[in-house]
Every structure is written in C-alpha cells, then in structure tokens.
Amino acid sequence: MASAIDWPPYLPQLAEVEFEVPDTRLVSQTEIGPAKIRNRYTFAPLQVSGRLVLNHQQLVQFLAFYATTLENGALSFNWQHPVDDTDSEMRFKSVGRVQLFKTGHATSRTWFVSVVLERIGAA
C-alpha cells in the first residue's frame, strides 16, 4: 500500500546512491549433488544509501519534513526509485551525519546529509 506522503518536490533526489540487491534465497546442502535453493520469502526490503546535497533552505525544509511530516522518520513516503524511476514506498532506516561542505554566510552554505532508506513496498 502506498503512503499518503510524497517526497517533497523542493528537495533533490539522492546523490551518490548505493544499494545492494537483497538475497532472499535459502540454501540447503545435500549429501550428494548440488545444494537445493529456494526463496525464503517473496519480498525483501531494499536498502538504498546515499547523500543529499542541500543548500541552507533545503536543509531547513528537509529537517522539518523528517521531524514533522514523517514524525521523526516513523512514517513512510513515496519516492522515485533511482534505477527505474518507479514510485516506491520508502522509510528512513537512518539519518546519519549532517556535514558542512561549503562554508560562508548561512544562506550560501552547502550541506551533505547521509541517509539510508528502506523500500517497504511498491506504490
């Protein structure tokens, strides 16, 4: 079931995206011959890691979206998958460091925000 919340259009998509295809297989060794392999389950959550590159205004908007709209990351949201551009239901598995990348006046600073998202369904 898709979330009622969409990723805000004023926030960029992730940069430097990285993910690992989940292994859903169960491998059973046999006495002789090749191992038996079957699916353990039909859907596995996909973890997507990356960084957001945000200016001052976007950082403020992201923090408000995370804290208020998503209730500190407890709620899921619809997000465009970076590989095939399909809508997927995602949630934050973690929000890591917020790093200052470009210094200067508050309104001209650039920030990196490391995040890990988890796909929990397809919209």
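General remarks:
- Computed from point charges on the beta carbon alone (+1 for Lys and Arg, -1 for Asp and Glu), the dipole magnitude for the chain about its Cα centre is near 320 Debye.
- Estimated from the Cβ-Cβ distance and a Förster radius of 25 angstrom, the FRET efficiency linking Leu63 and Asn39 is about 0.05.
- For the chain, adding -39500 (n - 2.57) for each run of n ≥ 4 DSSP H residues and dividing by the number of residues yields -2000 deg cm²/dmol at 222 nm.
- A simple spin-label model places the labels of Glu20 and Val116 1.0 nm from each other, with each point 7 Å out along Cα-to-Cβ.
- Counted charge near Ser76, where neighbours are those whose Cβ lies closer than 10 Å (Asp, Glu -1; Lys, Arg +1): 0
- Sequence ranges 84-95, 24-35, ranked by mean other-Cβ count within 10 angstrom, highest first: 84-95, 24-35
- Taking amide H as placed 1.01 Å from N in the peptide plane, the amide H of Leu46 sits under 5 Å from that of Arg119, each at least 5 places away or on another chain.
- Residues Arg38, Arg51 arranged by fewest to most Cβ contacts within 10 Å: Arg38, Arg51
- For the chain, built as a Gaussian network whose Cα springs stay under 10 Å, the top-fluctuating residue of Ala67, Ala44, Ala106: Ala106
Each value in this text was obtained by applying a stated rule to the coordinates, not by laboratory testing. Just so it is clear, the model here is predicted, and its values are computed rather than measured. Every residue, glycine among them, receives a Cβ derived from its backbone with ideal geometry; neighbour counts consider all protein chains shown.
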